[in-house]
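The next block holds one structure in the form of structure tokens; read it before the comments.
Throughout, read-outs are computed from the coordinates displayed, never taken from laboratory work. The shown structure was predicted, so the numbers you read here are calculated from the model rather than taken from an experiment. With ideal geometry, Cβ positions are generated from the backbone for all residues, glycine too; neighbour counts draw on all protein chains shown.
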Amino acid sequence: MIIEDKIAEQIPAWRERVKRLVAEHGSKKVCEITVDQIFGGMRGVHVQVSDISYLDPYRGILYRGYTIPEVLERLPKAAGSEYPLAGGLYYLLMTGEIPTLGQAQEVEAEWKVRSPVPGYVLDMLDALPQKTHPMTMFSHAILALQNESIFSSSYSDGLRKPEYWLPTLQDSLNLTAKLPAIAAYIYNKKYRNGLYIAPDPQLDWGANFAHMIGRSGEWQYEELTRLFFILHADHEGANVSAHVSALVNSALSDIYYASSAAMNGLAGPLHGIANQECIRWLLDLRAAFDSFPTEEQIRSYAWDILNSGRVIPGYGHAVLRVTDPRFTAQLEFGRKYLPDDELLRLVMLVYDVLPGVLSQYGRVKNPWPNVDAITGTLQYAYGVREPDFYTVLFGVSRILGLTTFAVWSRALQKPIERPKSMTTSMLENLVCEG
Ligand code: HAX
């Protein structure tokens, strides 16, 4: 398998590089930590090393050093499509190299073989109450697959540490292969009376999701799905879902445990669920006025929200200090295919108005839109009008990055994470002594 061969080839040099860095510079300080940071969500504290992706405050996410426009341009495309194959992206994340079309297709072919979802997972989903949130269903489905973990069974059989990464890669391929079908099953069960559509072996990973929710042949929606899955795949190693996944993995829990836990973090309104909050916010904004709102009306609507102490979803970011390039990529898609869509026009008008309001508000460090400010609008325009579901799509994509990180953590034999906590009195005493 090409990804496995490539990683095996790269491991000795990486192990040597990390070993040398730690041996020669192990006691060097990377950053100081202040009381502010301890109480302030550890902002800016470097706690993780990830070579899979890096979030640059001004260039946005870099997958293996490539910006979003570079990734969209350089990765091999599905036949007749403007957007990359997710298989090619997985190859890039895993190996750091831009694949050929053949290599991207090989990953897609691996996924097809591994894609069938066991019946017990579907039965388990069927047994959940209908009102269960799609993210809860998604997390359950991933966890239900845990009994299939090759890493866990190999570990029990005495797997050696240098080989931990191999079954982790197998688990990663097995899990990621099934994600579009799991997501489609959840969508159909919840919103389409349990409609079942088998995957189409002719279609790629991204387009197959579109097909399985009944969008067969809807070319633009297939394109949107491909774009969506590329844009959400990773956001460096220390955001909530990435950090949760890394932490759980560090205990040598397998990919299924770690990914399910990560999805529980992604389900928070300050993280992935923001995409469902955004579309609701936009629909509420539209509904608040009889006709399409003016700039002045949007401004006053936004101030009312801020003055009542609520956040405006889709704006702001802990790291980014510019418009999120993932927002821009989707805006370009919308401008091209949905120029007359009313909600998209509203997204654009809000984009004209809100950064000014948030800057004037003064507290927000980044007044620009993040990825979530538009994702729901595009889904909505193509008839996927169930906001609760949007974060599942985010999760399908994000697990590509999380599993890559896990494979490399095992390859580099990272230890269990165990930082240290302290009491408030200890901190008070320490500050007084200082
Ligand atoms: N609306 C209102 N207030 C906001 C705001 C927004 N969009 N963004 C930040 N603020 C407020 C913060 O709540 C904070 O207020 P307090 O001083 O009362 O604590 C203050 O401005 C400073 O915050 P910050 O340093 O600029 O931002 P944080 O790093 O603390 O938070 C968030 C980053 C993304 C959580 C924040 O901007 C936010 O809540 N945005 C809206 C929700 C959202 O879009 N989340 C999705 C982010 C992308 C993501 O992870 N997707 O999965």
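Listed from fewest to most Cβ neighbours within 10 Å, the set D56, D254, D340, D304 follows the order D340, D304, D56, D254. The chymotrypsin sites (Phe, Trp or Tyr not before Pro) found in region 164-198 that occupy coil by DSSP, while having at most 16 further C-beta atoms within 10 Å, are Y196. As a proxy for reagent exposure, ranking I38, I61, I150, I68 by other Cβ atoms within 10 Å from fewest up yields I38, I150, I68, I61.
Taking every C-alpha pair closer than 8 Å and separated by at least 6 residues, the mean separation divided by the residue count of region 74-201 gives a relative contact order of 23 percent.
Across region 247-351, Cα-Cα pairs more than 17 Å apart make up 65 percent of the total.
Eigenvalues of the alpha-carbon gyration tensor of region 219-260, scaled by 5 and square-rooted, set the equivalent ellipsoid semi-axes at 28, 12, 6 angstrom, largest first. Using only Cα coordinates, the Kirkwood hydrodynamic radius of region 290-434 works out to 18.7 Å. The residues R20, R160, when put in order of fewest to most other Cβ atoms within 10 Å, stand as R160, R20.
In sequence order, region 241-246 has phi-based couplings of 5, 5, 5, 4, 4, 5 Hz under the Karplus curve 6.51 cos²θ - 1.76 cosθ + 1.60, θ = phi - 60°, and Gly or Pro positions carry x.
Karplus-based coupling profile of region 354-365, in residue order and whole Hz: 5, x, x, 5, 5, 5, 5, 4, x, 8, 6, 6, with θ = phi - 60° in 6.51 cos²θ - 1.76 cosθ + 1.60 and x standing for Gly or Pro.
When only the Cβ of Lys, Arg, Asp and Glu is charged (+1, +1, -1, -1), the dipole of region 26-174 relative to its Cα centre reaches about 340 debye. From the Kirkwood radius over Cα pairs of region 1-147, Stokes-Einstein at 10 °C and 1.306 mPa s returns a whole-number translational diffusion coefficient of 82 µm²/s. Placing +1 on the Cβ of every Lys and Arg and -1 on the Cβ of every Asp and Glu, with nothing else charged, gives region 182-243 a dipole about its Cα centre of roughly 380 debye. In bins 10 Å wide, starting from 0, what share of all Cα pairs of region 172-234 does each bin hold, as a percent? Calculated P(r), rounded to whole percents: 23, 54, 22, 0.
Tell me the Kirkwood hydrodynamic radius of the chain in angstroms, computed as one over the mean inverse distance between distinct C-alpha pairs. Radius from the Kirkwood sum: 22.8 Å. Using a Debye calculation, one point per C-alpha and no hydration shell, please list log10 I(q)/I(0) for region 177-273 at q = 0.11 Å⁻¹ in order. Each listed q corresponds, in turn, to -0.40. Plainly put, region 95-181 has a radius of gyration that is 1.05 times its Kirkwood radius, both from alpha-carbon atoms, as the Rg/Rh ratio.
Shown here are the Rg and Dmax of the Cα trace of region 326-394, at 13.0, 37 Å. Expressed in nm², what is the orientationally averaged projection area of the convex hull enclosing the Cα positions of region 53-119? Over every viewing direction, the Cα hull of region 53-119 projects on average to 5.7 nm².
Seen from A78, the other residues with C-beta closer than 13 Å to its C-beta sum to a net charge of -4, counting Lys and Arg as +1 and Asp and Glu as -1. For T328, the shell of other residues with beta-carbons less than 15 Å away shows a net charge of -2, using +1 for Lys and Arg and -1 for Asp and Glu.
Counting only Cβ charges, +1 for Lys and Arg and -1 for Asp and Glu, the dipole size of the chain around its Cα centre is about 720 debye.
Within a Cβ distance under 14 Å of L159, other residues only, what is the Lys/Arg minus Asp/Glu net charge? Every neighbour counted, the sum reads -1. Projected onto its three principal axes, the C-alpha set of region 121-253 covers 47, 32, 30 Å, listed from the longest axis down. Considering only I255, A242, L195, and ranking their Cα positions along the charge dipole of region 154-277 that arises from unit charges at the beta-carbon of Lys, Arg, Asp and Glu, the one farthest toward the positive end is L195.
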